Structure formats: structure tokens, C-alpha cells
1. Out of Phe351, Phe317, Phe342, which single residue is within 16 Å of the ligand (Cβ to nearest atom) and closer than 19 Å to Phe252 by Cα?
2. How many residues are over 17 Å from Thr168 (Cβ atoms), open to solvent by less than 40 Å² (accessible area, probe 1.4 Å) and in a helix (DSSP H, G or I) if we restrict to region 182-198?
3. Would you pick out the residues in region 49-83 that are over 21 Å from Leu117 (Cβ atoms), within 9 Å of the ligand (Cβ to nearest atom) and of a type outside the set (S, T, N, Q)?
4. Somewhere in region 234-249, is a residue under 24 Å from Leu388 (Cα atoms) and within 14 Å of the ligand (Cβ to nearest atom)?
5. If you scan region 1-23, which residues turn out to be more than 14 Å from the ligand (Cβ to nearest atom) and free of Cβ contacts under 8 Å to residues at least 60 places away in the same chain?
6. For His305, which of the numbered conditions (1) within 15 Å of the ligand (Cβ to nearest atom); (2) closer than 30 Å to Pro267 by Cα; (3) in contact with a Leu (Cβ under 6 Å, 6 or more places away or on another chain) fails to hold?
7. When only residues in region 86-96 that are buried (at least 22 other Cβ atoms within 10 Å of the Cβ) and touching a residue at least 60 places away in the same chain (Cβ under 8 Å) count, which is nearest to Gly55 (Cα to Cα)?
8. So Val154 passes all but one of these: (1) part of a helix (DSSP H, G or I); (2) farther than 21 Å from Gly55 by Cβ. Which condition number does it fail?
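The values are calculated or read from the model by the stated rules, or taken from the named source; none is laboratory data. Predicted model only: the values in this text are computed from it and were never measured. Please note: Cβ atoms are built from the backbone with ideal geometry, for glycine as well, and neighbour counts cover all protein chains shown. We work out accessible area using only protein heavy atoms, side chains counted, and drop any ligands, DNA or RNA first. Shrake-Rupley method; radii C 1.70, N 1.55, O 1.52, S 1.80 Å.
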Amino acid sequence: MKLISDILQQLQRHLFDTITSSNLVYNTCWEDPRIDRALLNLNSKSNILMLTSAGDNALDYLLDDVKHIQCVDINPTQNALLELKKAFFENENYALLWDFFGGGKKSGAELIYRQQLRTLLPKKAQQFWDQNIHDFNPDSKNDSFYFSGTSGKVARTVYNQIQRKGLTAAVENLLSAKSLEEQAYYFHEIEPQLWNPFSEWLLGRHATMTMLGVPPSQRKMIEQQYKDGLLEFIRQSLQKVFTELPMTDNYFWHVYLTGHYSSDCCPNYLLEKHFQTLRERIHRIETQTFSLLQALQKSNKTYSHFVLLDHQDWMAFTQPDQLANQWRQILDHAQSGARILFRSAMPEPDFLPGFVFDNISFHPELTEPLHRIDRVGTYESTYLATVL
Ligand SMILES: C[S@@+](CC[C@H](N)C(=O)[O-])C[C@H]1O[C@@H](n2cnc3c(N)ncnc32)[C@H](O)[C@@H]1O
């Protein structure tokens, strides 16, 4: 029995690694940069090393006039996405940026890409978008860029369910509700109808979690904490996000429930008032396709900030040696007092190698109040550490 379960786990991990190393998984960042910026204390001397994901949060940090941001991702398609976003700033046309990434679609996307954007991209990003720019076509099968990519496809399935059940108006009411009381009213109208054998089956699949970028190790962390496993975790997260936090500025959930942002509910990089500032600073963001460990091993720089997202959850049970090496490299490349930010599906960072605790201090007094108002609402914890 143990052998079969080990083989199954290896297969699940292999499927996850295969899908997440060559497909666009995150078409938007799933971490709240408002919280990050309140914790990171960024300024014109900041030298940041961070994971790319969809690049939105790197663009957000630029608003704090940081010196340099090195975005590293093991998945080249995530860097290609950030490079495309950068190209829209270099192209100096705000309206186009909004149509593509605000509305999620644009007629003539392929032609615009070839005429105005392609030459602004590095070769690897060109190769990716030559094959995928059609995801922005209004008549593409997904109907929005935000319903493309692996997590986008899961969002599309949920969106289809909402339409099929005639819940579109209720969802619109939920998103535009003016008070938490109103939100709770609409949420309780919608929520019971979302749960049925199909949705429970879908969300219980490893394949679905892989498409959402949730590795088996993170799923295991969640299952250890919730008696009824993943479904209970999802139910509780939805309840918290939709009844305890205002929806009016929650662009994370807005985009996946509608396929687009609105002008008053979107990431900062899409606001017209920031376009010129970001255009002037856009060259300060650099992308690299490496693992974080490789990037650190190759780097002779020191950093004032490290933003690790939740990727340590990916390594927690399966790559303890790599995680330890990575932390040695982080500490070797850290400036005095450097800030390190990460999130996790674990309430405590039990997965950190022991020596790390001798070299950093945590700041729960800063993170805990902010974690409670995190608009994403699907992480168990947020950590800020400073290097001693
Ligand atoms: C950890 S995932 C989590 C998603 C995240 N919470 C967000 O904001 O979207 C973010 C990115 O990290 C990348 N990644 C995961 N492990 C990595 C590693 N060891 N080195 C570099 N990138 C990694 C993934 O390819 C993905 O694009």
C-alpha cells in the first residue's frame, strides 16, 4: 500500500512539475501588493530579488521608486508575461495596455502585437507570444486572456457554472455591493448553488489543483489543518473573503469572476495616473529564467529585499536540502537589515531549516494585522523577516 501511495505521490509531483514549468499558470499575481508595500518599506535604495509570477507586484513596487527589481522564475512563460507587460509601457500607449490587460481582450491583438510590441520583447518572450497572443482575441475560445492559461481555465469553468445557474446578476451585485452586509446577502444567495457533485469533484482533483498552481505539498499542508480537507479550506476562504473584506477594491476575485478588471478595481499598474511614472522606471525591472537558488548562485549582488511568495511550500516536504541551500544563499546575498517576505499555507513556518532562525527575526506585530485584511485571503500566514 505504502509503495503504491509513494508512486502516486511521485506521479502527482511529476505532473505538477511538467505543467508548471512550461505552461502559463498565473495570468495575474495572487498575492496582495498593498500588504507587501506596507511591510517592505521600499525606497530609492531598494534592490529587490523576487519571484515573477505574473509580474503585477513587481510593477506595483516600482511605484515606490525602487532602484532595481530582479524577477526570477523557473517557468519561462511567467517571465514572458512580465516582459509583455513591460513592452506596453515601452510602447507608450496606455489605452492599449488597458484593453489587453484591463479588459482582457482586444480586436486585432495579433496585428497590434506584431506591429507595436514584438520587437520590444526578448527572443524567448517573442517565441512564447508568437504562439499565444491569440489568447487576447475577443473571439478566442476563452473569451478573455484571464480565462486562458491553466488557472484561467479553472476560473472559466467556475464562470461557466455561474452563467449556467443564472447567477450572473447576483455575482455583479456581490462585486458592486456597498457594504459588508450587502455582500454577505449576495454571497449567501450564490454560495450554496456553487456546491454540487461536479464542483466538489472538480476541486477535489489533483489535476485541478495543479492547474491552479497548488503543488501536492501545499495541498498536504491544507489537508493537515482542515478536518474535511481542501473543500473545507475553500469554503472557509470564500466565506472570509466575500463576507469580511470589501469587494469594491478586491481586484483579485473580481477578475476571475468576470474575466476583466474595472477602472476602479484593478492592479495599480493598470491605472492611467501611474502610467507615465511606470514608463519612466520600467527599465529597472529585469527578468531571469532560473530557479531562485540558481539565480542566487550566479549573482554577485546583494539585496535589500527578498520576496519569496509562497514558493517554499513547493519545496517543503520534497526538497529540504535545496531549501537549506537557498537560505544559505539568501543570507550570503542579504544586505544588513534586509527584509524577507513570504506567505504560506502553513500557520507556522515549520519547514524552515533550523539555522535560519539564528540569522533572522520575525515581525508578527507587523504582519498579523495586515494578514487579516489581505484581499487574496487564501494564505494561512504572511511572514516578514529581517536579517540580523
Ligand atoms: C510560487 S508561485 C505562487 C503564485 C503566487 N502566490 C502568486 O502571486 O501568483 C509563483 C511563481 O514562482 C515560480 N517558482 C516556484 N518555485 C520556484 C523556484 N524554486 N525558483 C524560481 N521560481 C519558482 C513559479 O513558476 C510561479 O510562477
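1. Criteria check complete, one pass: Phe342.
2. Selection size over region 182-198: 1.
3. Scanning region 49-83 gives Leu51, Val72, Ile74.
4. Checked region 234-249: no residue is under 24 Å from Leu388 (Cα atoms) and within 14 Å of the ligand (Cβ to nearest atom).
5. Met1, Lys2, Leu3, Ile4, Ser5, Asp6, Ile7, Leu8, Gln10, Leu11, His14
6. (1)
7. Lys86
8. That leaves (2) as the condition not met.
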